[in-house]
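Take a look at the structure set out below.
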Amino acid sequence: MASLGRASHKPERPRPLSSPSSASLTSPLRNSGGGVAQPPPHSVRNKTSASSNSRRSVTPTSRTPRSLPLDYDQESERVRVAVRIRPKNAEDLSDVDHADCVELQPELKRLKLRKNNWSSESYRFDEVLTESASQKRVYEAVAKPVVESVLDGYNGTVMAYGQTGTGKTYTLGRMGKDDASERGIMVRALEDILAATSASDTIEVSYLQLYMESIQDLLAPEKTNIPIVEDAKTGEVSVPGAEIVKIRKLDHFLKLMQLGEANRHAANTKMNTESSRSHAILMVYIRRSANEEEETNQETGMAAGRQGHHVLTIRKSKLLIVDLAGSERIGKSGSEGHVLEEAKFINLSLTSLGKCINALAENSPHIPIRDSKLTRLLRDSFGGSARTSLIITIGPSSRHHAETASTVMFGQRAMKVVNTVKLKEEFDYESLCRKLETQVDYLSADVDRQQRLRENETNELKKFLKEFENSSAEAEKKFAVRAELLQKENTHLTSKIKEMLQELDNQKEENKVLIDEVVRLATSLKDIKCLGEDNNRLEHDLNDAMNDLKHQKDQNLILCDKVARLEMNSQNDKQKQLEDSAYQRILAVTTQMYEEKIADLTKKIQEENAHNSSAEEEIEKMKKQVADCHRLLEESQVENSKYRKALADTTKMYEERIESLNQRVEDERVHAGELKEELNSTKNLLREHQNSSKVGAEKEMGELRIRLQEVHQLHEATTDELRLLHIQNKNLESEKAILKNELFAVRLTLQEEEKRRKEAETELIHLIKGVPESEDGFEVNKEKAPYVNENITKSSALRSPQSSHKSSRSRETILNQRNTITKICEEVGLQKIVSLLESEDLDVQTHAVKVVANLAAEGINQERIVQEGGLDALLKLVKSSQNATILRVASGAIANLAMNEMNQGLITNRGGAKLLATAASRTDDPQTLRMVAGAIANLCGNEKLHTVLKEDGSIRALLGMTRLGNTEVVAQVARGLANFSKCESRRIMKGHWSGRSLLMEDGGLSWLVANLKMASALTRRHLELAICHLAQNEDNARDFINCGGVKELIEISNESSREDIRSLAKKTLRLSSLFRGGE
């Protein structure tokens, strides 16, 4: 064994570099490549010449190396095995009797396994990880090379194997929510893959579990028993029914992992509190585009390359991370029942895996790959084309030396398995075809668009040219009409100017006459001014004369003689003054007349001057208008010439542009023709290479189109729905205000109803408290219980008159009690009474459960009690109540309900049997135990519930209730065992059951034999019936012989007080050959 460990790191068989044709001759169990050594991811393809009629394989191409690199390692394709030892747990530390059996030498990559203090064996592994190794160290040593290989296009597998409780799930599946350093291989691998891929790459995951040889989907628990599909050509294994989820972010993956772990089966065993009961398999699918180098492009010589189009290659790789369930020994794990069945399937699948690895390591011609679904799923991982890394986990304690040695030897054998690593690449002709079709469609659309654009431009140019011609013609017409109008206006203005010039001449002549008259008038005015000056002089003289006259008047006073003369002179002077005043008046009138005439002449002259100036201005305006007309005519002629020139230039430009567009369209047509020819050649090539997958591709494209239409329709429907939701939101907001008001009103109504309910509850409590109570506070119905009221004439005959009187009084009390309870039920309602079972008032709850128990004693009320939720409320009381009275009465009520076969199924389906077993274990009250035993005894009378009662521990609990020795409890237990054995005997006779009785495992027969002679008459009858019915099962014969049951059966056949029981015992002894021998 030591020599095997030392030599295990070397491959046993050579791996010659062979061609793909030689690889196809190897065994199909090695995935058509068991003998081909494939280079690491840095290898390149051989030169291949592809013709148009060559067929393209739809499977990934395996690439053989053109030349081996200098650093090529022949062991690079061997299964790499690392060993990890878990730290000591509390059990290992407390176990001083068992020392460590493992010694690690990580620097030498060796492990020493000690058999005892003087003997040990050394084994070499690829990596030896101590108990202090971090999760990151484990990932980098075990899984990171595989992950990098998967990113390069190779399949990879990381698997953990070991005894249960040694840390496999911790190593692989730890999510590290609180501490990122605790993350396992699964999370770290996805983290590296997401970091190394781009948005164009596709990453998809599936998470499965192999549970009891059934493949189940951990991401979609409803998918169970998923089939495995194998490709008949390539031998590749797939699980098409599994849920595949696309991953973009690590948080999304963590949520999926959490969902999967929640759905994975686990159980609590002695070896591990969270023991995985299934093999978990995480499948990661990676699809990446491979960027070919120029050298590789030149070497391929593909037709597409010659045409200038690079044929893309797609690298499809798959990573399997397998968390195997731990191997376990039943004696150490303590598995039983369903957990035991799980352990059997786990060990069976691990045994099949070990057989396959042994066969591969020994170069066996037959590999038992189909013995288990696990080996079928791992077909590519061992002896296939995947790069595989295995980590085995062990514990340090020598107490598990055998399991540790088995795990180490499994790893040693796995190191001998050599895989043929292949690069999974295929030419993406479909993508190229779609790209070319898209390009042709785009170019066709571009040509059509250019042609439509050219036609639109031509139409626009024609329209613009026509509009320009129309506008030019209209402009010429307008210019001609305007020229004629200007000519006419010019002629009219010329004639008008002549008339105005003539009138101006006439005005000048009149002005000359007026000027002459003005000159004459000015001369007359000068004369008048001279006359005025003379008048002034005369006035001055007159003034002097008046002064002289005054002087003379003074002298006249002195000179009297001169008065007459002076009077004569004064008269003459007055006459002169009158003449002078008349002359002055005439002069003033004449002056005024001449001044008015001069003013009129001056005004006329001014008017003539103004008229002349306006006429001159008008003439100037007319001259200016004539000049403007001449200028406009010249400008219009210049502009017209410019328009003609621009029109000629534009026409020439558009003709040149149309000619260039025509040339471009011709070029595009030629290019489109070339592309069509190229597309046709590519389609021919694709058709020739893809005859086998054409139908599937068309179907897939059709499905994609349908899905696209569905998505489009869904988008439209979602848009419409969103609009409706907006409208509904507005309506809801408007209704919200209404509902607030209604809610307020409802609250007021509820408050009033709450008051009325409290009043009704108070009244109901008073009524319930007024109910007369029996000894137990309720009545247990025994009319339908098997073996209770059969032939008890002997006991009734022995009763005294006093006891008969008491019995009649008891019956009267029960009758009154029933009438009172019926009245309460009619007045208050059963629903109200059932609701009081959940009351917080202990007193109210006690009285309510008593009323329900008495109602349940009558079969007519049982269905209503179950419909109103009474059964659920009673089970809740049994589960949670700490009050002994409530527990006792609730158990009795359940016992009454268990008289009905339909109610029996409801009780067990809702966990009632387990609750009753638990209640029996937490009380020592004889009356409570009697009620619980009665309920279980009634359930034992239903043969369909026997397995459930056994699994829920009800049979064990029923036998355990006799620990106090109470006769009434013992009687109920005996009745339950009699019911159970009778129903079981009936099932055997009908052929519905075979095998040893379920009562044997819990010691039922031993208890029956031990209590047979100590029991009362009624209890003894139940015990005798149970023994007789158990004896009818031949599979129980050995148990009867071992525990003395045959002797008791013989005594029953001779001494039983019941004739039917004696006959049954004799018949059983007569029919059984084993019993006849014992007899």
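Given a 1.4 Å probe and the protein chains as shown, residue 130 ends up with an accessible area of around 40 Å². Taking label points 7 Å from Cα along the Cα-to-Cβ direction, residue 251 and residue 494 give a separation of 9.6 nm. If the segment from residue 635 to residue 986 were pulled out straight at 0.36 nm per residue, it would be longer than the present Cα-Cα gap by 113.6 nm.
Label reach from residue 589 (point 7 Å along Cα→C-beta): in the stretch 521-546, amide nitrogens under 18 Å belong to 528, 532. FRET efficiency for the pair residue 234 and residue 148, taken as 1/(1 + (r/R0)^6) with r the Cβ-Cβ distance and R0 = 25 Å, rounds to 0.50. In this label model, residue 222 and residue 718 are separated by 2.1 nm, measuring between points 7 Å along each Cα→Cβ vector. Calculated FRET efficiency, residue 707 to residue 664, Cβ-Cβ distance, R0 = 45 Å: about 0.70 to the nearest 0.05. The stretch between residue 597 and residue 116 holds 156.5 nm of extra length on full extension. This uses 0.36 nm per residue minus the Cα-Cα distance.
Ligands, DNA and RNA left out, the accessible area of the stretch 465-554 computed with a 1.4 Å probe is 55% carbon and sulfur. In this structure residue 943 has an accessible area near 40 Å², from a 1.4 Å probe over the protein heavy atoms. Taking each residue as 0.36 nm, the span from residue 1010 to residue 100 lengthens on full extension beyond its C-alpha to C-alpha distance by 322.8 nm. What the Cβ-Cβ distance of residue 363 and residue 329 gives, at R0 = 35 Å and to the nearest 0.05, is a FRET efficiency of 0.65.
Inter-label distance, residue 524 to residue 456: 9.3 nm, where each label sits 7 Å from its Cα along the C-beta direction.
The values are calculated or read from the model by the stated rules, or taken from the named source; none is laboratory data. Being a predicted model, the structure only gives us computed values, none of them experimental. Note that each Cβ is placed from the backbone with ideal geometry, even for glycine, and that neighbours are counted across all protein chains shown. These accessible areas exclude ligands, DNA and RNA; they are computed on the full protein's heavy atoms, side chains included. Shrake-Rupley method; radii C 1.70, N 1.55, O 1.52, S 1.80 Å.
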